[in-house]
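Reviewing the structure listed below.
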Amino acid sequence: MPDAFTVLWTHDVCHALRRTGRVGERPPVAFSGVHTSLPAWSGAQPGDEVYAVHVNRCVVHVVSRMRIVDRERGECCGTAPAGWNEPAFPEHGDWSMLGAGGCGAEPVHVEATPVRFDVPIPGDLLGELTWRNRRGRTRGLKHVADGRLERAISLQGFYRLTPESADHLAQLVDSAAG
């Protein structure tokens, strides 16, 4: 059974998505990295789902659901740079805000829902979401009060959802698409 993960897209990333007209479009790629400036998509394999989330004014939104197709550099990425001052993934320039310039960035090709900022996670569900680590230990979000996320620190990174929480987010995304 495939796993599901969350990744936090920052205000800068989401601002760039809006500014460049990517709202309503489906990202074909995201990027994983080895440096803390870019979340490492550790443990994610083809077939797994990743929920890109964004926090705006204490409300968590699902921005896109992405199913991983592969994690290899393909022809669609363009020619690898010959020098440090050349773009790492020239053919994915339209989506570079998703981390193409990050330290040690690697492409993750995805099939995704359109980017949108109008799918809030209801406050009662926000307090019930849980993630699990490789050892099977689970945790919820910290800093949730009255159905609002007061600090996003426990969302920063790339985390594996429990199957129940993945089902809740899938239902949320599917009902919003309907």
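Any read-out appearing in this document is the output of simple, stated calculations on the displayed coordinates, not a laboratory observation. Since we're looking at a predicted model, the values are computed, not measured. Ideal geometry is used to build each Cβ from the backbone, glycine not excepted, and the neighbour counts take in all protein chains shown.
In the chain, the longest principal axis of the Cα atoms and the axis of helix 163-177 are about 80 degrees apart. Orientation-averaged projection of segment 94-140 equals 5.8 nm² [convex hull of Cα atoms, one quarter of hull surface area]. Expressed in Å, the radius of gyration and Dmax of the Cα atoms of segment 32-90 are 14.7, 43. Measuring r between the beta carbons of Leu125 and Arg67 and using R0 = 25 Å, the FRET efficiency lands at 0.70. Here r is the Cβ-Cβ distance between Asp118 and Lys142 and R0 is 22 Å; the resulting FRET efficiency, rounded to 0.05, is 0.30. Against the empirical 2.2 N^0.38 Å (N residues), segment 114-178 has a Cα radius of gyration ratio of 1.15. Using the Cα centre as the reference, give the magnitude of the dipole from point charges on the C-beta atoms of segment 1-139 (Lys, Arg: +1; Asp, Glu: -1; all else neutral), rounded to the nearest 20 debye. That gives a dipole near 520 debye. Sorting Ser154, Ser32 from the fewest to the most surrounding beta carbons within 10 angstrom yields Ser154, Ser32. Taking amide H as placed 1.01 Å from N in the peptide plane, Thr162 has its amide H under 5 Å from the amide H of Thr130, Trp131, Arg132, each at least 5 places away in sequence or on another chain.
In segment 4-177, Rg over Rh equals 0.96, where Rg is the alpha-carbon radius of gyration and Rh the Kirkwood radius from pairwise Cα distances. Applying 0.36 nm per residue to the separation of Asp167 and Asn56 and subtracting their alpha-carbon distance, the gain on full extension is 37.6 nm.
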